[in-house]
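Participant: Please read through the structure below; I'll follow up with questions.
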Amino acid sequence: MLKFIKCKALIDGTGRPPVQDAAIVVRDNLIEQVGTASNVQAPPQAELIDLQSMYVCPGLIDAHVHTSFNGEAEYWDIVLKQNTAYRVLTSLRNVNADLLAGFTCVRCLGEKDHLDIDLRNAINRGIVQGPRIVAAGQNITVTGGHADVNLAIDITCPQGLGGVIVDGPIEVRKAVRQQIKAGADLVKLLVTGGVMSEASVPGIQHMSFEEIAAAVEEAHRLGRKVAAHAQGTEGIKEAIRAGVDTIEHGHFLDQEAVDLMVERGVFYVPTFAAAYWMTVGEIAKRIPPYAARKAREASEAHARSFEMARKAGVKIVCGTDAGSPGNRHGANAVELELLVQHGMTPMEALLSATRVASECLCISQTVGTIEPGKLADLIAVEKNPLEDIRAFKEVRFVMKDGEIVKWTTGSTSDVFDRQSPIYQPRLR
Ligand SMILES: [Zn+2]
């Protein structure tokens, strides 16, 4: 299977300037040649894919999603009432919405019953269509932590918010080993409180240093990275000192936290989309008041934290927390827009969802840029994303693993457009 793709311009995800009038040869699922159309020869028998009105970029990566969450206002309810089978089905729909939005890879950070791992396997074996999934399996939380839902003390919720509830380094180690036994690509710890859990204060550290360090030692020994949900300053710094690899959310950074992240090469996944959706539109009226208040309070600090991190050169990665209230799968590109609104250039935002994200997910050998030898994950958009990052909200063409999974030419106006932060009604 040979394909010869011609496009208006290629933005290859390495950070180099765009190549005008570019061509790409895809053989089976691999990128074979890349260059200007005059330098790349169309191989005989190659199928011509004419994207000459479009800008081609690497398939995007969303480094923080929850596959089975649908953006409901009170997802506790859903988590507690739905069986895993139902959540697998919603997951399948959700990750396909991500894929068709141009996100050819997602990192799932916490699911019930390791369903993200099985979904990943089913996709990889070609049983169902979907993006590449990097899966964490169950969240690891402590008693009363962010994923230990607020039930009466005598009601046991064995899986909390789909996570595993542990106390003390020994239990933490066991939980890490269980995730890896189940096939997790990495481990996700809930180090501090969060916005959506009633009793928790986002700033407060729940997991002790010893517990985090035990998880990191165990995961690293088994060749896995550790992602830390960490919002408050002390929790963030304790997590970094204990050796975690990525900070998720990171609302309240200070200079010391930022310096530690640079020094240790820790990635920052701010997930602006999560708080954004909780503070705009209909959903803001439907989420619990404590969550709306916490989301608002955290937003200002979050913007300052991001600015500090960006100035210091922290590696920043695009992640949406898709599935959290109002934060629908398929609307992932809003995070790119928010990254730009918070100060990134469009190129920086693009890199945060391509090359830098692929490094964060440890898959940079195979995806993240458009270069010979890499897997053919490509997307195309009509407008120049380096002039207007919102171009990614209308992805026209998606190729994953050499297969075209979407190719539309007409203008589409869907739910996502109407929910856009800067939506302008289109004149017809
Ligand atoms: Zn999350």
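The values are calculated or read from the model by the stated rules, or taken from the named source; none is laboratory data. These numbers come from a predicted model, not from an experiment. Virtual Cβ from ideal backbone geometry, glycine too; neighbours counted across all protein chains shown. Protein only, heavy atoms only, side chains kept; ligands, DNA and RNA dropped before computing areas. Shrake-Rupley method; radii C 1.70, N 1.55, O 1.52, S 1.80 Å.
Participant: Return yes or no: is Glu371 open to solvent by 20 Å² or more (accessible area, probe 1.4 Å) and not in a loop (DSSP other than H, G, I, E, B)? Steps first, answer last, please.
Facilitator: Working: open to solvent by 20 Å² or more (accessible area, probe 1.4 Å): yes; not in a loop (DSSP other than H, G, I, E, B): no.
In short, no.
Participant: Return yes or no: is Asp62 in contact with a helix residue (DSSP H, G or I) (Cβ under 8 Å, 6 or more places away or on another chain), assigned to a strand (DSSP E or B) and either at pLDDT 95 or above or open to solvent by 60 Å² or more (accessible area, probe 1.4 Å) (or both)?
Facilitator: Working: in contact with a helix residue (DSSP H, G or I) (Cβ under 8 Å, 6 or more places away or on another chain): yes; assigned to a strand (DSSP E or B): yes; either at pLDDT 95 or above or open to solvent by 60 Å² or more (accessible area, probe 1.4 Å) (or both): yes.
For Asp62, the condition - in contact with a helix residue (DSSP H, G or I) (Cβ under 8 Å, 6 or more places away or on another chain), assigned to a strand (DSSP E or B) and either at pLDDT 95 or above or open to solvent by 60 Å² or more (accessible area, probe 1.4 Å) (or both) - is met.
Participant: Would you check if Gln179 is surrounded by 24 or more Cβ atoms within 10 Å (Cβ to Cβ), modelled with pLDDT under 95 and within 21 Å of the chain's Cα centre (by Cα)?
Facilitator: no
Participant: Whether any residue in the range 90-99 is farther than 30 Å from Pro288 by Cβ and touching a residue at least 60 places away in the same chain (Cβ under 8 Å) is what I want to check. Steps first, please.
Facilitator: The initial filter retains those residues of the range 90-99 that are farther than 30 Å from Pro288 by Cβ, namely 99.
When the remaining residues are screened for being touching a residue at least 60 places away in the same chain (Cβ under 8 Å), the result is 99.
Yes, some residue in the range 90-99 is farther than 30 Å from Pro288 by Cβ and touching a residue at least 60 places away in the same chain (Cβ under 8 Å).
Participant: Let me ask you something else. Just name the residue that is surrounded by the fewest Cβ atoms within 10 Å (Cβ to Cβ) out of those in the range 84-137 that are within 16 Å of the ligand (Cβ to nearest atom) and in a loop (DSSP other than H, G, I, E, B).
Facilitator: Of everything passing the filter in the range 84-137, Ala136 is surrounded by the fewest Cβ atoms within 10 Å (Cβ to Cβ).
Participant: Of the conditions (1) open to solvent by 10 Å² or more (accessible area, probe 1.4 Å); (2) within 16 Å of the ligand (Cβ to nearest atom); (3) among the polar types (S, T, N, Q), Thr67 fails just one. Which one is it?
Facilitator: Condition (1) is where Thr67 drops out.
Participant: Can you run down the residue pairs with Cβ atoms below 6 Å, 6 or more apart or on separate chains, where the first is in the range 60-73 and assigned by TED's automatic domain parsing to the domain that holds Gln138 and more than 14 Å from Val334 (Cα to Cα) and the partner is more than 10 Å from the ligand (Cβ to nearest atom) and of a type in the set (Val, Ile, Thr)?
Facilitator: Thr67/Val95; Ser68/Thr90; Asn70/Thr90; Glu72/Ile78; Ala73/Ile283; Ala73/Ile287
Participant: Further question: Which of the helices (runs of 4 or more DSSP H) found entirely inside the range 230-330 contain at least 2 residues meeting this: in contact with a Phe, Trp or Tyr (Cβ under 7 Å, 6 or more places away or on another chain) and open to solvent by less than 10 Å² (accessible area, probe 1.4 Å)?
Facilitator: It comes to 289-312.
Participant: Let me ask something else. For the range 207-223, give me the residue count where each residue is part of a loop (DSSP other than H, G, I, E, B) and surrounded by fewer than 20 Cβ atoms within 10 Å (Cβ to Cβ).
Facilitator: 3
Participant: Can you tell me which residue within the range 331-354, out of those that are within 25 Å of Gly194 (Cβ to Cβ) and polar (S, T, N, Q), is surrounded by the fewest Cβ atoms within 10 Å (Cβ to Cβ)?
Facilitator: Of everything passing the filter in the range 331-354, Gln341 is surrounded by the fewest Cβ atoms within 10 Å (Cβ to Cβ).
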